[in-house]
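Here you go, one structure.
None of the figures in this text is laboratory data; all of them are computed from the coordinates on show. Treat the numbers as computed from the prediction; the structure is a model and nothing was measured. Ideal geometry is used to build each Cβ from the backbone, glycine not excepted, and the neighbour counts take in all protein chains shown.
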Amino acid sequence: MTKWFLLAVATLFGFTASASADEKNPIVLKLVAKTDKYKIDLGGRTADEYKKGLEEAAKKSAAGELLRPPAPPKVDLLLQITNTGKEAVTIYVGGDPNVYTVELTGGAGSVNMNSGLAFTADFRLPKAVELAAGKSYEIAVKQLSDGSRGASRFVYWTGPGEYKLTATYSLADKDGGKGAVLKSAPVKITVEK
C-alpha cells in the first residue's frame, strides 16, 4: 500500500525514479561517434595559447560581456534513443523542452562557453514519436554544442589528446513538461594536431 501511495505521489508531482532499461524505463541513450578522430585548428598558436584564449573568452562571457565566441569544433555524432523493451512506446522529442548536454573530459582539458546566439521567443512543443520494440530515434550532432535548441553553449577541446564525451538528454512529456533524463556511456574521441 505504501509503495503504491509513493508511486502515485511521485507521478502526481512529476518525479521520476531512476531505473535501468530492463526494469521500469525501456528507453536508453547511446552516443555514437561516427567519426572518432578530429584535427584541431589552433589558429597559429601553441596549445597553451589557444587554451588560455578560450578560458579568457569564457570568463568574459560569464561576466556578461558581449563577444563573438569562436565556432565550436565540428563533429560527426549521433544521439540514439532506443526502446529496449518488448512493446512499442511513445517518446516526445524535439522542441524547447528537450535539451541535450555534452560533457567533455580528459585530453588537454575543455572549455565551455555561452554561445551568445539569439533565439526567437516562440515556445516549440515536442513531437510524438512511436518507437517499436528494438527501434531507435536518432539526432545528428554536427558541432560540439548543447543546451536549448542544441546551440546555447559551445564546448571546446583545448589541445591534442584522448578525450571522453558523454551525453545527457532530457525527454519531455506529451504536454512539454519534464520527462525522463537519459545518460549515455562515454565514447572516446582522439584530437590530433
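How would you rank 25-36, 132-143, highest first, on the average number of other Cβ atoms within 10 Å across their residues?
By packing density, highest mean first, the sequence is 25-36, 132-143.
Please arrange 110, 170, 145 by how many other C-beta atoms lie within 10 Å of their C-beta, fewest to most.
Final ranking by Cβ density, sparse to dense: 170, 110, 145.
Give the separation of the Cα centroids, the range 129-193 to the range 69-111, in Å.
Value for the Cα centre distance between the two parts: 1 Å.
Okay, moving on. Using a 10 Å cut-off on Cβ atoms, rank the peptides 67-73, 85-91 from the highest mean neighbour count down.
Result, highest mean first: 67-73, 85-91.
Taking the beta-carbon count within 10 Å as an exposure proxy, list 173, 48 from fewest neighbours to most. Numbers along the way, then the final one.
Numbers: 173 15, 48 12.
So the ranking, lowest neighbour count to highest, is 48, 173.
Please give me the summed charge of the neighbours of residue 83: other residues whose Cβ is under 11 Å from its Cβ, Lys and Arg +1, Asp and Glu -1.
0
Sticking with this one: Which aspartates and glutamates, on any chain, are close to residue 135 with Cα under 16 Å apart, when same-chain ones fewer than 8 places away are left out?
Cross-link targets: 22, 87.
Would you mind ranking 192, 103 so that the residue whose beta carbon has the fewest other beta carbons within 10 Å leads the list?
Taking fewest neighbouring Cβ atoms as first place, the list is 192, 103.
Now for a different question. Going through the cross-link list 37/74; 30/127; 30/52; 86/142; 59/193, which pairs have a Cα-Cα distance over 23 Å in this structure?
30/52; 86/142; 59/193
Which is farthest toward the positive dipole end of the range 26-96 among 83, 70, 47, measuring Cα position about the Cα centre, with Cβ charges +1 (Lys, Arg) and -1 (Asp, Glu)?
47
If packing is taken as the average number of other Cβ atoms within 10 Å across a peptide's residues, how do 175-185, 159-169 rank, most packed first?
Descending mean neighbour count gives 159-169, 175-185.
Computed on alpha carbon atoms, what radius of gyration and Dmax characterise the range 27-192, expressed in Å?
So, for the range 27-192, Rg and Dmax equal 17.2, 54 Å respectively.
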